[in-house]
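**Q** I have a structure here, written as structure tokens, and I will follow up with some questions on it.
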């Protein structure tokens, strides 16, 4: 899926499916997150096409975009969910989805979050340390419940991605060291109220090659062999997510190609009977959204031209955090010789930029679409500089749904309290 596949330019104007983006800007204001339902469904079907007649479950990694409408859509399509907090579990429930199809990942689960997950009978805990395993056993024992667990094994495989989103190397905080995993599995099998259910592996995000997946899978299956020799039988194999998308010129493999090679390897090793879980996030939602923003000012310095827009790093953190590249298109492209601009926001930080050195023909008041903003955009947004978070809309053909209202400034300090007589 390309960044503009579901955001075509028709009669000189960029659309979301069949709705002109200027219409959305006029109705809901900017900045504005715009999602295409057709793009979300198409991305889902890319996975499901590779899982026909397979014993498998796709668990959407909802940290990428946890809007309730998106969760509901994926839930109705049959998705499970990969959650990393108690709050995300409550979002699954609020969206009307099944918490029993949720796997609970993350390195820092609190006792309260574990109790919440056990209360709602989540599918599995992906355990990331011995200390966490012991805490889950303690909480489950106190509740007289059985906790299904898998260990997130760190295979020390280089995902060949940005270091901030690489999770499968020894220096990363995630997972259990490969060399320690067998002993920890034996410990888990001996603990009260713990049911060893599976094994989990996730090596990183925005992967554009299949080889790292296969390298990690081989090491995981070696460990499954060792577990079987010790009488520890697993019910499922969780291979995580991480498949990349095209932001610019990347050529990630198709989901069906990745799945075909993974299943071929699993079956060749004799584990075709295991249920296989996948946890895609970015590849389901990344190119299903754009961030719509308005040019407030054009500023021309001696060495640099700036297009100052009303979206900022608090709306899209990835460029400042990862030096990430997002396509930026004019919603109504103008003819003429373009100027090279840095696209920057109003936040008081030099790191507040959305794109650098972009050739665009612009005038004040023009609309820009920041592409590939369906993942890690709204989900990572903040209120820095007391800026309200943007509204979100979903487009379905020519129908438009407001799926999150724009915050009001008053909302941002509604929970704050000022003690009396502070100066006295």
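**Q** For the range 274-294, which residues satisfy the criterion of being surrounded by fewer than 21 Cβ atoms within 10 Å (Cβ to Cβ) and closer than 30 Å to residue 29 by Cβ?
**A** 294 - this is the single residue of the range 274-294 that is surrounded by fewer than 21 Cβ atoms within 10 Å (Cβ to Cβ) and closer than 30 Å to residue 29 by Cβ.
**Q** Let me ask you something else. Test residue 246 against the stated conditions and say whether it is more than 27 Å from residue 360 (Cα to Cα) and in the same structural domain as residue 213 (by TED's automatic domain parsing).
**A** Details: more than 27 Å from residue 360 (Cα to Cα): no; in the same structural domain as residue 213 (by TED's automatic domain parsing): yes.
When the stated conditions are applied, residue 246 does not pass them.
**Q** Which residues, taken from the range 350-364, are touching a residue at least 60 places away in the same chain (Cβ under 8 Å) and in contact with a strand residue (DSSP E or B) (Cβ under 7 Å, 6 or more places away or on another chain)?
**A** Residues satisfying the conditions are 354, 362, 364.
**Q** Since residue 30 meets every condition but one in (1) touching a strand residue (DSSP E or B) at 6+ places or on another chain (Cβ under 8 Å); (2) outside the structural domain of residue 366 (by TED's automatic domain parsing); (3) not in a helix (DSSP H, G or I), which condition does it not meet?
**A** The number of the failed condition is (2).
**Q** Kindly check whether there is at least one residue in the range 36-58 that is at pLDDT 95 or above and within 19 Å of residue 381 (Cα to Cα).
**A** The answer is no, given that none of the residues of the range 36-58 is at pLDDT 95 or above and within 19 Å of residue 381 (Cα to Cα).
**Q** Another question, then. Right, residue 245: more than 28 Å from residue 355 (Cα to Cα) and either modelled with pLDDT of 95 or more or surrounded by fewer than 24 Cβ atoms within 10 Å (Cβ to Cβ) (or both) or not?
**A** It is false that residue 245 is more than 28 Å from residue 355 (Cα to Cα) and either modelled with pLDDT of 95 or more or surrounded by fewer than 24 Cβ atoms within 10 Å (Cβ to Cβ) (or both).
**Q** In addition: Are any of the residues in the range 265-273 farther than 28 Å from residue 210 by Cα, surrounded by fewer than 20 Cβ atoms within 10 Å (Cβ to Cβ) and more than 26 Å from the chain's Cα centre (by Cα)?
**A** no
**Q** Can you tell me which residues in the range 179-215 are assigned to a helix (DSSP H, G or I), in contact with a strand residue (DSSP E or B) (Cβ under 9 Å, 6 or more places away or on another chain) and more than 13 Å from residue 133 (Cβ to Cβ)?
**A** Within the range 179-215, 212, 213 meet the criteria.
**Q** Wholly within the range 72-155, which helices (runs of 4 or more DSSP H) include no fewer than the required count, namely at least 2 residues that are over 27 Å from residue 233 (Cβ atoms)?
**A** Qualifying helices (runs of 4 or more DSSP H): 86-94, 111-119.
The values are calculated or read from the model by the stated rules, or taken from the named source; none is laboratory data. Given the structure is predicted, the values throughout are model-derived calculations rather than measurements. FYI the Cβ positions are ideal-geometry reconstructions off the backbone, even for glycines, and counts take in every protein chain you see.
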